[in-house]
Amino acid sequence: MSPCGQAPGKRGLRIEALVALGLFSAVALSAVACRTLRRVSVRPVCAEASQAYAQAQAVLRTIGSDPSGTSRSARDRVRELTRAAQAAAPDWVAPARVQDDLLRGELRGVEALEAHRQRLARSGEDARELYLAGRLEGIDGEARFSRAAEIEPDLAWARHGLAWSADRRGDARSAVAHARAALSRARDPWERSFFASSLARFLSQAGRREEALAVLAESLAAPDLSAGDRIRLAVESIGIGLGDRGSPESTAAFRRGLDLLREEDLTDAEVDNLVAKMRALSGREEGGLLELSTALAGKRSPARDRLRAELMLAHGPTPLALGLLERSLKSERRLQPAGPLLRAARFAAGEYASAVELWLADLPACLRDHDGLPRDERLARVVRCARAVAGKEAGEAAAEAAPWFDFGEALVAAGWFREARALAGRLARADLDRALDLEGRAAAGMQLLDSLDDLIGGAGSRRTLRPAAAQAEGGRGEGSGARRSFGGSREPPVDVRDLSALLAAMGPLFARADALLGGERDGAKRARELAASPRLDYGWIGQIVHPGPVFSRADEREGLGKAGESVPGMAREMDRIGRFALIGELSGSGGPDGTVLAKLMTEPRQGAHLGMPWSGSVAWCEGADVRSRTERSGARISAAALHEGYWLDVDSVRGERAIFTALAAEFSGPDAAEQVAQALAVTGLPLETSGDGEARRRERTRAGAALGEASRVRLSILRDRAGAQSGEGAGLGQVSLDELVETTATHEQGHLVDRARFLPLSKHWREALMFLFECGLSPTRVEQRLEYRAELVALCDSPDSRVTLAQVLDAAESDGRGPTAHAAGYEELLEDLLEVLDQEIAKNPDRFPGIDLDRTLVHQLHRLPAEEVRALARRLAEKRKLVR
């Protein structure tokens, strides 16, 4: 029972019983209070241990700033220093945590947990070992934290573990209480800063921002704080301060952030986190973004280079952006060599034809025709025009510049506005008026997308438009010379609390842009047309604007429009600027929301999975101009199913490819073969339950904490492909973008299979009703189960089922948490897959020679070949009655 909780009573209790219950509660609460308020005994660690550990943390910061393969020697140095700290203070938890983390980074976290469990088995209950084991067990470790706190009430780490567990359950009050208790028991300057940071984070999440800032301010004032810890706490304090948009505190936090970026050596993760929040605060205010870019220039790092390039390109073309990105690309694995950002940078540097060819070379094969050109005619025209000017100079004579202006027209027609703007400057000497016209139309397209981003990003609340939107609406703003403060504007607020208002508010934006792009300039008329866009109504669930581009037969049956005809309103407007948009409003979601993506092509597709046909319209996209609310909260969404089709963001899928690329780079170098062998030699944890009963089976098939199994599966894929792709003796192979795109598409097609199962309801009401009851009539449960089923289809039918398996295992790494339904659905899918594996081994043990039934199965999945993963998935699909 928590200090403030009490058991629920029953009606009809007599007065005497109620009085007795009250007296008992008072006594119990007093006992808890006395225990909580007892004097805490803190034994500081010796100076020698603190110094060695502080040096280890300093080296860890360099690893964070330099994620290249050369960090292996740095990790060895961290091991040496933490062992020295542990030798000086054998009972100190902090050095042991770092050693565990190093093993986890090498994909050997299972070995670390097994060692802690063995020590507990040999020596009996020890609070330190209980915490260390519980930490690696993830969601299953809370009982160990509680027992550790009982055995050693003054162990700060046990309280920290309980705070983490409470936060995961959504119990903010308990998380704050345990975090405060951990801070009061800190034994070392680094521990005090670490626990203060945790407490501030829990307070901020609970909406207690002022308390969080006070905790951090007190910690920052400590005289024994190391330089690295001071930076870390300052970044967190600024981040919390930036959250109160429009307040004087947020403006002050922005100024402190600029100083920190200018003067301190932040890790790349700290730079990314801080700059993201500062950009969100400043919006597109030119002065603020210029200051931010200047502050980033104060130091050098891959993240700083990348972010400076992004800021530069947001304002206009400059060849400096390409130099920054290329320098960042040499040391930062996350940057893709052929995405839209680098394409725009190459245009800004005057590398027009090569930019197009490099982009085309990284375009998935399914989007190219037999001649290698994009299947979309507008994009094919861009390629043809680029090849027509390849190797040529834009002369000053108008005749010589004609193919270049054709190139510019093709860029605008395809919606490549940044690229068109970069080209316009090149053509000024040949024909100033035509070049200015090209620049004006390209700038109008960029401004329109910025305005839509502002508008959709602020939907759901009464909000002041930012300059881009304000100019589109009435022409006032930056052009008037008015100076704005961050988070504010002199423009009147626009109410976009519902979908109709949001669509109407887009009208003036398109009208303003069309003054240069060509089209209807009457903002009021455009507002009415957009507000009347056809919508797909899902009753109490919500509605979305028909994304187009054409009506389907199902739409015709519903009376929305004739099959094959273009969808009017928003769908038509987005298609005109080379974009695809999904705008809608779900019940209880906090207002309308949406995403706008650059369109590569739309096409009708059909097929079958597990004997069940699917069909629909597919929108192939590349990069989001406007991110949805879920994406702004941190989720990476590569694709999503629509009413009768799906969209897929190729550039987001490149991020999945980057995970494989980073993993291959991590396991490279002279001792790579040994490192790979050690990581893949990991087996499951020895089972602690004796006998052959149900309890032992549950332990064997429990997903729990995967401890890097997703990466081990990916590493196994790369190892298996090394010989076939690169020759005998090569280190690791690779996974192509084409394969990852097909894997992602297969998941979305799984959703379309379910659409065919359940829709229209008039024909499939029995199946739909049974599914709804299976999900307990819970909308959340329905969403999770649909993700489960779609990913199971991908496991069965994607090119390599292990690629999909790694994505499923990622959910176990996150303990089923996340802003989307995928995590919880995937975690359940993993548990079911492990049960099927256990059952299949029982039927035929010889079929799985690499699997040890005396160890946890989740940590042995990397030992399964692709065909066995597919067979297990198929068996589960049959069990779930998904196979026709």
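The values are calculated or read from the model by the stated rules, or taken from the named source; none is laboratory data. Since we're looking at a predicted model, the values are computed, not measured. Using ideal geometry, Cβ is built from the backbone for each residue, glycine included, and neighbour counts are taken over all protein chains shown. Note: accessible area is taken over every heavy atom of the protein model, side chains too, but ligands, DNA and RNA are not part of it. Shrake-Rupley method; radii C 1.70, N 1.55, O 1.52, S 1.80 Å.
When you check Val682 against the structure, is it more than 23 Å from Lys330 (Cα to Cα) and assigned to a loop (DSSP other than H, G, I, E, B), yes or no?
yes
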In the range 265-287, what residues are closer than 17 Å to Ser331 by Cα and among the hydrophobic types (A, V, I, L, M, F, W, C)?
Leu266, Ala269, Val271
What number of residues within the range 165-191 are more than 29 Å from the chain's Cα centre (by Cα), outside any helix (DSSP H, G or I) and not basic (Lys, Arg)?
2
Please determine whether any residue of the range 810-817 is open to solvent by 40 Å² or more (accessible area, probe 1.4 Å), of a type in the set (A, V, I, L, M) and not in a loop (DSSP other than H, G, I, E, B).
no
Regarding the range 708-727, can at least one residue be identified that is in a loop (DSSP other than H, G, I, E, B) and in contact (Cβ under 8 Å) with a residue 12 or more places away in the chain?
yes
Tally of residues being free of Cβ contacts under 8 Å to residues at least 40 places away in the same chain, assigned to a helix (DSSP H, G or I) and open to solvent by less than 50 Å² (accessible area, probe 1.4 Å) across the range 239-260
8
Note on the range 122-136: residues in a helix (DSSP H, G or I) and either among the small types (Gly, Ala, Ser) or surrounded by fewer than 20 Cβ atoms within 10 Å (Cβ to Cβ) (or both) are Arg122, Ser123, Ala127, Ala133, Gly134
Within the range 840-862, residues part of a helix (DSSP H, G or I), surrounded by fewer than 18 Cβ atoms within 10 Å (Cβ to Cβ) and either hydrophobic (A, V, I, L, M, F, W, C) or touching a residue at least 24 places away in the same chain (Cβ under 8 Å) (or both) come out as Glu840, Ile841, Ala842
Which residue out of Asp649, Asp593 is surrounded by 19 or more Cβ atoms within 10 Å (Cβ to Cβ), of a type in the set (D, E, K, R) and at pLDDT 95 or above?
Asp649
I'd like to know if the range 644-660 contains one or more residues that are among the polar types (S, T, N, Q) and in contact (Cβ under 8 Å) with a residue 40 or more places away in the chain.
no
Within the range 740-771, which residues are more than 18 Å from His643 (Cβ to Cβ), out of contact with any helix residue (DSSP H, G or I) (no Cβ under 7 Å at 6 or more places or on another chain) and crowded, with 16+ Cβ neighbours inside 10 Å?
Glu742
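Do we find a residue being touching an Asp or Glu at 6+ places or on another chain (Cβ under 8 Å) and at pLDDT 90 or above anywhere in the range 727-734?
Within the range 727-734 (the criterion being touching an Asp or Glu at 6+ places or on another chain (Cβ under 8 Å) and at pLDDT 90 or above), the answer is yes, since at least one residue qualifies.
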Pairs under 8 Å by beta carbon, first residue over 17 Å from Ala554 (Cβ atoms) in the range 757-772, partner of a type outside the set (A, V, I, L, M) and part of a helix (DSSP H, G or I), six or more apart or different chains?
Glu767/Arg757; Glu767/Phe758; Phe771/Phe758; Phe771/Arg785
Counted residues, the range 201-229 - those being of a type in the set (Lys, Arg) and on the phi > 0 side of the Ramachandran plot:
0
Picking from Arg168, Arg104, Arg119, Arg108, which residue would you name as being surrounded by fewer than 23 Cβ atoms within 10 Å (Cβ to Cβ), in contact with an Asp or Glu (Cβ under 8 Å, 6 or more places away or on another chain) and either free of Cβ contacts under 8 Å to residues at least 40 places away in the same chain or under 30 Å from Ala677 (Cα atoms) (or both)?
Arg119
Being at pLDDT 95 or above, at negative phi and in a helix (DSSP H, G or I) narrows it down to one residue among Leu18, Leu81, Leu23; which is it?
Leu81
Residue by residue through the range 35-60, note down the ones that are modelled with pLDDT of 80 or more and over 16 Å from Arg97 (Cα atoms).
Ser41, Val42, Arg43, Pro44, Cys46, Ala47, Glu48, Gln51
Would you check if there is a residue in the range 540-557 being touching a helix residue (DSSP H, G or I) at 6+ places or on another chain (Cβ under 6 Å), over 28 Å from Ser451 (Cβ atoms), aliphatic (A, V, I, L, M) and loosely packed, with under 15 Cβ neighbours inside 10 Å?
no
Would you pick out the residues in the range 804-833 that are among the hydrophobic types (A, V, I, L, M, F, W, C) and at pLDDT 80 or above?
Leu805, Ala806, Val808, Leu809, Ala811, Ala823, Ala824, Leu829, Leu830, Leu833
Name the residue that is most open to solvent (accessible area, probe 1.4 Å), counting only residues in the range 84-93 that are in a helix (DSSP H, G or I) and not small (Gly, Ala, Ser).
Gln86
Just to be sure, is Arg346 buried (at least 19 other Cβ atoms within 10 Å of the Cβ), of a type in the set (D, E, K, R), out of contact with any Asp or Glu (no Cβ under 6 Å at 6 or more places or on another chain) and closer than 25 Å to Met312 by Cα?
yes
Residues that are open to solvent by 40 Å² or more (accessible area, probe 1.4 Å), more than 24 Å from Ala112 (Cα to Cα) and modelled with pLDDT under 90: does the range 675-690 have at least one?
no
Kindly evaluate Ala677 against the criterion of being touching an Asp or Glu at 6+ places or on another chain (Cβ under 6 Å) and either outside any loop (DSSP other than H, G, I, E, B) or at positive phi (or both).
no
Within the group Leu203, Leu216, Leu225, which residue is part of a loop (DSSP other than H, G, I, E, B) and closer than 26 Å to Ala158 by Cβ?
Leu225
